[in-house]
Amino acid sequence: MRKFATTAAIASFALGVLAATTVGSRADDSKLEQLKSQGFARLAIANEPPYTAVAADGKVSGAAPDVAREIFKRLGVADVAASISEYGAMIPGLQAGRFDVVTAGLFMKPERCAAVAYSEPVLCDAEAMLVKKGNPKGFKSYEDVAKDTAATIGAPGGGTEEKLALNAGVPRERVIVVPDGQSGIKMLQDGRIDAYSLPVLSINDLMKKANDPNLEVIAPVQGAPVYCDGAAFNKKDTALRDAFDVELAKMKKSGEFAKIIEPYGFSAKAALSTSREKLCAAK
């Protein structure tokens, strides 16, 4: 009798789990339909150009909202509505249903990946090198600089780039400490260094200001860390996230993705160089 009762209880429990799973799946699948019906998706952003920006008239721009706006449009959601949030409040707000998605330069970390459903990488900051046009020494990595016994590389003192160069085997005397970006540009132009290394966003900003056609950016530096955000969804909305990923992949392949983010200084190549799986597993 006890055995029968136990079997019945297990069967009842299994049916309950199946029913809950089915309900959860339906809720997940209906999220996109809900957004289509209301006509907009609610974004959580930070007013932090070039990732996100809010103009005086309230218009939302920046690389992350612009990508999200285009993808949701392709999914049949007419527009986006953004709310400025502190980074620490974004994930709790998403989990509480106050936002539909976070598009704010919220870089992927294992603990965040456990809390939200990230899309594939959108905006990445990676290491870059500024070199003479044509990359005469063929640099692709810090190891390449180390192998060229006559090559020098400039980097901020005590910064990540200096450490990466030293760890790659570039001797101390060939890693030149550069006090600021303008000095780095001038030293490269004058031939006092063969490469100048900074994060992609910083290098692209310098290139824009220098407006020198005789310089070229190498990004991302091979073997160096890449830090990326992705659109972050509630764990219950994985079907919406998956639909977002499909359109994101199409845009990356067609070049539309690069056309949106690169004017803001981001590298499409950096986003294509990694994946959600790799970033969420990184320590």
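The figures follow:
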item	result
Qualifying residues in region 125-154 (those that are of a type in the set (D, E) and under 28 Å from the mean Cα position of the chain (by Cα)) - the one modelled with the lowest pLDDT	D125
Top-ranked residue in region 256-278 [being touching a helix residue (DSSP H, G or I) at 6+ places or on another chain (Cβ under 9 Å) and hydroxyl-bearing (S, T, Y); ranked as farthest from K208 (Cα to Cα)]	S267
Some residue of region 170-189 being at positive phi, outside the structural domain of R241 (by TED's automatic domain parsing) and among the small types (G, A, S)	no
Matching option when the condition is surrounded by fewer than 24 Cβ atoms within 10 Å (Cβ to Cβ) and over 30 Å from K259 (Cβ atoms), among K137, K132	K137
Hits in region 224-283 (condition: closer than 15 Å to P110 by Cα and without any contact (Cβ under 8 Å) to a residue 60 or more places away in the chain)	E277, K278
Failed item, numbered, when K208 is tested on (1) more than 19 Å from the chain's Cα centre (by Cα); (2) over 19 Å from E127 (Cα atoms)	(2)
Qualifying positions in region 64-103 - without any contact (Cβ under 8 Å) to a residue 40 or more places away in the chain and not hydrophobic (A, V, I, L, M, F, W, C)	P65, R69, K73, G88, P92
Enumeration of residues in region 62-95 that are more than 15 Å from A44 (Cβ to Cβ) and part of a loop (DSSP other than H, G, I, E, B)	L75, G76, V77, A78
Of all residues in region 240-259 being more than 21 Å from E216 (Cα to Cα) and of a type in the set (A, V, I, L, M), the one that is surrounded by the most Cβ atoms within 10 Å (Cβ to Cβ)	L240
Flag for A56 being of a type in the set (G, A, S) and either closer than 15 Å to S119 by Cβ or surrounded by 20 or more Cβ atoms within 10 Å (Cβ to Cβ) (or both)	no
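This table checks each residue for (1) within 28 Å of L35 (Cβ to Cβ); (2) within 12 Å of the chain's Cα centre (by Cα); (3) assigned to a loop (DSSP other than H, G, I, E, B).
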position: P213; (1), (2), (3): no, no, yes
position: V217; (1), (2), (3): no, no, no
position: P220; (1), (2), (3): no, no, yes
position: Y227; (1), (2), (3): no, yes, no
position: K236; (1), (2), (3): yes, no, no
position: A258; (1), (2), (3): yes, no, no
position: A271; (1), (2), (3): yes, yes, no
position: K278; (1), (2), (3): no, no, no
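The values are calculated or read from the model by the stated rules, or taken from the named source; none is laboratory data. Just so we're clear, the structure is a prediction, and the values are computed from it rather than from any experiment. Virtual Cβ from ideal backbone geometry, glycine too; neighbours counted across all protein chains shown.
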